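J.: Sharing a structure, written as structure tokens. Questions coming.
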Amino acid sequence: VYLEAGPVRDVLLEASINDLDFVLEGDAPNLASGFARELGWDLVVHDRFGTATVSHDHCHIDLVTARHEVYAAPGALPEVSPGTIYDDLARCDFSINTLAMALSQPLPQPLVGNHGMEDLGRSLIRTLHPLSFSDDPTRILRAVRYEQRLNFRLEDDTELMLRRDLAMLDTISGDRLRKELHLMLKEE
């Protein structure tokens, strides 16, 4: 089991942690089900993606099966298959979210990959590949949200790709767009 992405990034930035994202090389919904049953918390499972959320009041814990993703078309939801922690990190939106800590270690250390630590130190938002925004156009909105929240700047090539792919926002569903806008409006 790994703590992944935002919580690791926020610990390293000495920022408050807003959520917990755990990745399991195995069946995360099954683990989440036992966890929810043990605590008497609510459980929501998304079998298609191998994910689950355990929640109680305002506390939400996401458990995700480490996975590999392929996008059939721009703006489409991905086809998901089980993978390793490194497959999971490779599907992240930005380099600063490619950080994970193995909880099985006595002193967890961030796994390094995809320039995450370097970009964190340089206050940069960088995509992992040139088709990132066309694969998932909601990343355009997340890039701006992270840039503003963290007081970072877009890496030069990332900014060029974002501007190039702005029209891709028209390919996502209204529901996905609404969710991203809701998250933006919750920001300070």
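The values are calculated or read from the model by the stated rules, or taken from the named source; none is laboratory data. Keep in mind that this is a model prediction, so the values were computed, not measured. So basically every Cβ, Gly included, is an ideal-geometry build from the backbone, and we count neighbours across all protein chains shown. When the accessible area is computed, the model is the full protein with side chains, heavy atoms only, and any ligands, DNA or RNA have been set aside. Shrake-Rupley method; radii C 1.70, N 1.55, O 1.52, S 1.80 Å.
J.: Considering every residue within region 26-38, establish whether at least one is polar (S, T, N, Q) and either assigned to a strand (DSSP E or B) or under 30 Å from Glu159 (Cα atoms) (or both). If you could, list the steps in order and put the result at the bottom.
T.: In the first step, residues of region 26-38 are kept if they are polar (S, T, N, Q); the result is 30, 33.
Checking the rest, the ones that are also either assigned to a strand (DSSP E or B) or under 30 Å from Glu159 (Cα atoms) (or both) come to none.
Taking every residue of region 26-38 in turn, none turns out to be polar (S, T, N, Q) and either assigned to a strand (DSSP E or B) or under 30 Å from Glu159 (Cα atoms) (or both).
J.: Sort out which residues of region 159-188 are under 18 Å from the mean Cα position of the chain (by Cα), more than 14 Å from Asp135 (Cα to Cα) and not in a helix (DSSP H, G or I), and write them in order of number.
T.: Lys186, Glu187 - these are the residues of region 159-188 that are under 18 Å from the mean Cα position of the chain (by Cα), more than 14 Å from Asp135 (Cα to Cα) and not in a helix (DSSP H, G or I).
J.: Filter region 2-29 down to the residues that are at pLDDT below 90 and among the β-branched types (Val, Ile, Thr) and list them by number.
T.: Selection gives Val8, Val11, Ile17.
J.: To continue, here is another question. Just checking, which of Leu131, Leu162, Leu150 is under 23 Å from Leu77 (Cα atoms), of a type outside the set (Lys, Arg), touching a helix residue (DSSP H, G or I) at 6+ places or on another chain (Cβ under 9 Å) and at pLDDT below 95?
T.: None of the other options fit; the residue is Leu131.
J.: Is it true that some residue in region 37-53 is open to solvent by less than 60 Å² (accessible area, probe 1.4 Å), on the phi < 0 side of the Ramachandran plot, without any contact (Cβ under 8 Å) to a residue 24 or more places away in the chain and acidic (Asp, Glu)?
T.: Checked against the condition, which is being open to solvent by less than 60 Å² (accessible area, probe 1.4 Å), on the phi < 0 side of the Ramachandran plot, without any contact (Cβ under 8 Å) to a residue 24 or more places away in the chain and acidic (Asp, Glu), region 37-53 yields no hits at all.
J.: Another question, if that's okay. Scan region 146-158 residue by residue and report those that are part of a helix (DSSP H, G or I) and more than 13 Å from the chain's Cα centre (by Cα).
T.: Within region 146-158, Glu147, Gln148, Arg149, Leu150, Asp156, Asp157, Thr158 meet the criteria.
J.: Of the conditions (1) within 14 Å of the chain's Cα centre (by Cα); (2) over 21 Å from Arg149 (Cβ atoms); (3) surrounded by fewer than 16 Cβ atoms within 10 Å (Cβ to Cβ), Asn18 fails just one. Which one is it?
T.: Unmet for Asn18, out of (1) within 14 Å of the chain's Cα centre (by Cα); (2) over 21 Å from Arg149 (Cβ atoms); (3) surrounded by fewer than 16 Cβ atoms within 10 Å (Cβ to Cβ): (2).
J.: May I pose another question? So how many residues does region 87-114 have that are among the hydroxyl-bearing types (Ser, Thr, Tyr) and out of contact with any Leu (no Cβ under 8 Å at 6 or more places or on another chain)?
T.: The qualifying residues number 1.
J.: Right, another one. Taking helices (runs of 4 or more DSSP H) that fall entirely within region 55-144, which contain at least 2 residues that are open to solvent by 60 Å² or more (accessible area, probe 1.4 Å) and touching a Pro at 6+ places or on another chain (Cβ under 9 Å)?
T.: Ranges flagged: none.
J.: Another question, then. Residue by residue through region 44-54, note down the ones that are outside any strand (DSSP E or B) and either closer than 30 Å to Ala167 by Cβ or basic (Lys, Arg) (or both). Steps first, please.
T.: To start, the set of residues in region 44-54 that are outside any strand (DSSP E or B) comprises 47-50.
Arg48, Phe49, listed by residue number.
J.: Taking the condition charged (D, E, K, R), farther than 15 Å from Pro7 by Cβ and at pLDDT 85 or above, does Arg126 pass?
T.: Yes: the conditions hold for Arg126.
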